């Protein structure tokens, strides 16, 4: 085992420029994940602190509600952030799979292959966590400019403390390792399958059934919320998390289904290639657009906010009560938009990073295609289609899912109300443009890779 | 075997020079390839044979000298036009990796005519006929990873020839195969190319592979040091 583990740093260095770039992308992803997670936790602690020790009557009255909303934001953000971390752990998976599959064929045991991956991803996670913690500290002055409850937070209120920072530096490498080891299963089980790229087994429809059950559970819980007493909020937030998990289950399955339909209907090379890639690896595509799917879900859920904001103060309310309500609904809207903005940023980062990794992993294939006369514009078109079609499907589909799931509480008024609909459409459009923009960063990378790739040096 | 009677070379290189930094890969190569001729370019590793193939195919632009395909100079063309030449008039067979892993065999072959504007249905029908003629009937739906090395190279041959190219370039086409499979692939490659009326340029370091070609060109230190014609293996049968 030790002889094989001693290979880890050498294998890392042997990756050359691509290896360094992939590592940099992975570390950057872990850093973004850590910085934003700490920021969100800091926000939660800030609201909890104000609720525990209110500075004025408003904080005394509404402090607990803000804590509940902050928890909701944490639940809404945790899955996209974990998805980003998962993408980071799987970065360069094709290259690593091929390398580890070769080692397996040379006689390295499954346990040693897992150990190599653990070493590689753990140090990437650790470096990312440390950089992310520094990023969180750098972002604190930005968050202290956002007003909530009539005043801005101080840096001290949003500071998570050294123990939490230390915990982040321990937890992120563990998450990275778990994600990396899970993605290794196919190398360990069948090295030949990875080395030779066989047709992947289709995903079972049981995913859809599980997802529907989770969604149903959420809707039932929200319907009987009033009878759950003190546990109501915990149940609602828990089932919201379940809904999110359901989306992650159903997403890749639905994308695979759409891919098969698109293969049948494809007429041009770009349509055919993009559809085949979707069928080949729906989980990989979900990793690119899944973040946006979850953001779409958040946007769908938040479409009810303008409705809540408009119908808050009663007719007989005093001027002070109206002012309080204005502050409350303004904060609700601000918090919702902030949550959404972070979700979209995370989704865009996930998409950009995954696409860049795909270009690097497929460099030889791309170079050979161009060599044989395939226009680079076609590769660009395939790359764009790979993201665009699933992205639109996922964004609209998940927003609709959220609207359906929220309907027991708010009915369909959330989206029939013009301001809610406007918010939903604006958010989805902005998010899609952001993700598309992020994926376009791999366009110059593709050209640079093609310019530098020597297919077979003489 | 003689190729003197042909009206003019299909592919013609004059005074090709190509440098990579301080290294001179080609130091003034002249080469003519006649229509239907099969040429093996041989030489040890680093001799410049792959660089020669890449210059002839318009992949690399030589520092000096010219390459002409059917009398038309490639040096006058920009990258987009050279790419079009490679798509329309050339076919390629590489050692491995040119087949797209996600596509089944039939779509890998059909992709080439689709890139030239043929409809998917027509291209698929044509690809099916090519695969059947190369002994791959029944394997149309298999992906490259589910084919043997020899079968995958036959798919690559079908993909190279389906568009009716004037010249087929093969870069170590049997490099990843055992000897028996390699000979079978060379038989298919040379026979099919001849029947299609295309010229064939094979880069190899293997004399057994070169024996399937009617002409053997030896490259050393970026120069042609030997050029001989012979009866290719398989033609006597």
Completion exercise
Picked from region B:66-88 (must be under 17 Å from residue B:32 (Cα atoms), out of contact with any helix residue (DSSP H, G or I) (no Cβ under 8 Å at 6 or more places or on another chain) and in contact (Cβ under 8 Å) with a residue 40 or more places away in the chain), the residue nearest to the other protein chains (Cβ to nearest Cβ) is B:70
Problem - Of all residues making up region B:217-237, the number that are part of a loop (DSSP other than H, G, I, E, B) and at pLDDT 90 or above - result: 2
Handout entry: Odd one out for residue B:115 among (1) modelled with pLDDT of 90 or more; (2) facing chain A (nearest Cβ under 9 Å); (3) over 16 Å from residue A:369 (Cβ atoms)
Key = (3)
Exercise for the section: Could you please let me know if residue B:124 is at the interface with chain A (Cβ under 7 Å from one of its Cβ atoms) and either under 19 Å from the mean Cα position of the chain (by Cα) or within 25 Å of residue A:263 (Cβ to Cβ) (or both)? Expected result: no
Practice task
Please find, within region B:95-108, the residue that is farthest from the other protein chains (Cβ to nearest Cβ) out of those that are under 19 Å from residue A:379 (Cβ atoms) and part of a helix (DSSP H, G or I).
Solution key: B:108
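Each row is one residue, and each column tells you yes or no for (1) away from chain B (no Cβ under 14 Å); (2) at pLDDT 80 or above; (3) surrounded by 22 or more Cβ atoms within 10 Å (Cβ to Cβ).
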site: A:268; (1), (2), (3): no, yes, no
site: A:288; (1), (2), (3): yes, no, yes
site: A:311; (1), (2), (3): yes, no, no
site: A:314; (1), (2), (3): yes, no, no
site: A:323; (1), (2), (3): yes, yes, no
site: A:326; (1), (2), (3): yes, yes, no
site: A:332; (1), (2), (3): yes, yes, no
site: A:349; (1), (2), (3): yes, yes, yes
site: A:377; (1), (2), (3): no, yes, no
Practice task
Give the number of residues within region B:143-165 that are crowded, with 19+ Cβ neighbours inside 10 Å and not in a helix (DSSP H, G or I).
Solution key: 5
Exercise for the section: Among the candidates A:404, A:389, single out the residue that is within 30 Å of residue B:97 (Cα to Cα) and either at pLDDT below 85 or out of contact with any helix residue (DSSP H, G or I) (no Cβ under 7 Å at 6 or more places or on another chain) (or both). Expected result: A:389
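If you check residue B:125 against the conditions, is it touching a helix residue (DSSP H, G or I) at 6+ places or on another chain (Cβ under 8 Å), surrounded by fewer than 20 Cβ atoms within 10 Å (Cβ to Cβ) and more than 21 Å from residue B:193 (Cβ to Cβ)?
Values: touching a helix residue (DSSP H, G or I) at 6+ places or on another chain (Cβ under 8 Å): no; surrounded by fewer than 20 Cβ atoms within 10 Å (Cβ to Cβ): yes; more than 21 Å from residue B:193 (Cβ to Cβ): yes.
So residue B:125 fails the test.
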Exercise for the section: Would you mention how many residues in region B:11-57 are buried (at least 21 other Cβ atoms within 10 Å of the Cβ), more than 10 Å from chain A (Cβ to nearest Cβ) and modelled with pLDDT under 90? Expected result: 0
Practice task
Determine the pairs where a residue that is free of Cβ contacts under 8 Å to residues at least 12 places away in the same chain, located within region A:144-161, has a partner that is surrounded by 14 or more Cβ atoms within 10 Å (Cβ to Cβ) with Cβ atoms under 6 Å apart, the partner being 6 or more residues away or on another chain.
Solution key: A:152/A:144
Practice task
Give just the number: which of (1) surrounded by fewer than 23 Cβ atoms within 10 Å (Cβ to Cβ); (2) more than 14 Å from chain B (Cβ to nearest Cβ); (3) modelled with pLDDT of 85 or more does residue A:432 not satisfy?
Solution key: (1)
Fill in the blank from the handout: Note on region B:142-156: residues out of contact with any strand residue (DSSP E or B) (no Cβ under 6 Å at 6 or more places or on another chain) and more than 8 Å from chain A (Cβ to nearest Cβ) are B:142, B:147, B:148, B:149, B:150, B:151, B:152, B:153, B:154, B:155
Practice task
Go over the candidates B:200, B:195 one by one and state the one that is more than 14 Å from chain A (Cβ to nearest Cβ), assigned to a strand (DSSP E or B) and within 17 Å of residue B:37 (Cβ to Cβ).
Solution key: B:200
Problem - Checking residue A:65 against (1) touching a helix residue (DSSP H, G or I) at 6+ places or on another chain (Cβ under 6 Å); (2) under 22 Å from residue A:333 (Cβ atoms), the condition it does not meet - result: (1)
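The values are calculated or read from the model by the stated rules, or taken from the named source; none is laboratory data. Fair warning: this is a prediction, and the values are worked out from it, not measured in the lab. Glycine gets a Cβ as well: all are built from the backbone with ideal geometry, and neighbour counts include every protein chain shown.
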